[in-house]
Amino acid sequence: MSPMEASEKPQLPLDHAAGEGAVRAIDDRLVIERLEVHDAGAARVVREQAAKKRAPAETVTRAIEIGSRLIESEGTAANVDYVRAELERQMRPLAEQLGGVVEEAQEEIAERLAGNFDSERSGSVQQQIREMLITAMEHQRNQLAKQFSAQDGANPLADFKEGVVRAVQRSEELQQVAHAEDRKRIEALTAELTALKERLGAKQELEAEQSRGTAKGRDFEERVHALLDEIAGARGDVAHHVGDQAGETRGKKGDTVVEIGAAAGPCLAKVAFDPKDSQLTRPKAWDVLNGSLDDRGAAYAVLVVASEENVPVEYEGNKLIVAVDREDPERNLLEAAYGIARARALAARQDELALDAPAMKEAIDEARRALESLKTARQALTGVRKNADSIESTLATMEEGAKAALARADSLIADALESAT
């Protein structure tokens, strides 16, 4: 549009009356210049919309558009009110004329309505309608009955009925299969439960048997410890029952630990004793003996087994196996084993204690031979009760010899200790 054409469009004159701004209406546009609007609500709306990232010019434009629509609607409402009032004024005489006509014909209309719609009169509209409805409903019921009882395609429910029958039959078949599977699962669970009960019963019996065996083993252990405590006390040593305490390597092998010389002074060496209620295999016995040495920091280990069978005596110069009676452990066998273990443990420190090594070795060998003789005699005494007297005599002689050898070893040890101090 050229400037000349724009100048030909109707425009509002510039409004400078207030001296604060100008508003011009150019065709379908408004041009507002330096105009201030003093309205707190309008200012608040512009600020809120600006906080929501909407440009103030856009907010003001929308406000003007909405306000102009409201002003137009108010003018339209005024026109409608005027038309309504004029229509009512023109229709009032016509309504009065129509009312007079209706009043004149009212009685005639009432009579005619009574004659045609009185339900008590024969041939009335209600009676005719009632008869027509009854006839139609009866016909409809008959037709529906025929249609829904038919077995062919004319019955719209034929497929539905067949589908329902098939579904019911299929459901019954599935239920039968499910019941059969449930019975199988119940039978399997019953069998598994029975097996579990049997295993649980066997486990309980095993635990009870193990408990009885543990109790028996603990009784044997306590009897052996009591004898070792007496033997240690007579020699100035101290015996400790440490079976329930973890050792240096967190193990619990070596139930009784003897500290040599600890009753009167510092501990010179340690000997570990591990009583077992039954005879062990050689690998197991080896494991117990080595574990006793490691767990208790001992120089010598003795495995005391409850058995009447012949077992090897000494291994590697620091391990010994001795067999005693389960109910009444023989003190003489324990004392002989104790003497050998004590002498071996001290002999390992012969340089520090200034022991007579040859004499000490001779005493230990003699004690070993005596222990072998004691073991042989014990087995003979167990196997041949008829010769008990002679065997017991031999046993007593051998015991005296073992005691003499042990006494000699103790004497050598005592002399070495005195010279060392």
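The values are calculated or read from the model by the stated rules, or taken from the named source; none is laboratory data. Just so we're clear, the structure is a prediction, and the values are computed from it rather than from any experiment. Reconstructed Cβ throughout: ideal geometry from the backbone, glycine too, with neighbour counts over all protein chains shown. Surface areas here come from the heavy atoms of the whole protein model, side chains and all, with no ligands, DNA or RNA. Shrake-Rupley method; radii C 1.70, N 1.55, O 1.52, S 1.80 Å.
Listed values for region 333-346 are Karplus-derived 3J(HN,Hα) couplings in whole Hz (6.51 cos²θ - 1.76 cosθ + 1.60, θ = phi - 60°), namely 5, 5, 5, 5, 5, 4, x, 5, 4, 5, 5, 5, 5, 6, and x replaces Gly and Pro. Relative protection proxy for 286-296, 230-240, from highest mean packing down: 286-296, 230-240 (other beta-carbon atoms within 10 angstrom).
Projected label points at GLU48 and SER73, each 7 Å from Cα along the beta carbon direction, are separated by 1.8 nanometres. Summary of packing: across the peptides 171-181, 52-62, 249-259, 403-413, the per-residue average of other C-beta atoms within 10 Å ranks them, highest first, as 249-259, 403-413, 52-62, 171-181.
Only protein atoms count toward the accessible area here, which uses a 1.4 Å probe; on region 222-352, the carbon and sulfur part of that area reaches 44 percent. Full extension of the chain between ASP28 and HIS139 gives 32.9 nm of extra length, using 0.36 nm per residue less the Cα-Cα distance. Sorting the segments 275-284, 27-36 by their residues' average number of neighbouring beta-carbon atoms within 10 angstrom, most packed first, yields 275-284, 27-36. Phi angles of region 396-410 translate, via the Karplus equation with coefficients 6.51, -1.76, 1.60 and θ = phi - 60°, into HN-Hα couplings of 5, 4, 5, 5, 5, x, 5, 5, 5, 5, 5, 5, 4, 5, 5 Hz per residue; Gly and Pro are given as x.
Close amide H pairs (under 5 Å, H built 1.01 Å from N) link ALA298 with no residue at least 5 positions away or on another chain.
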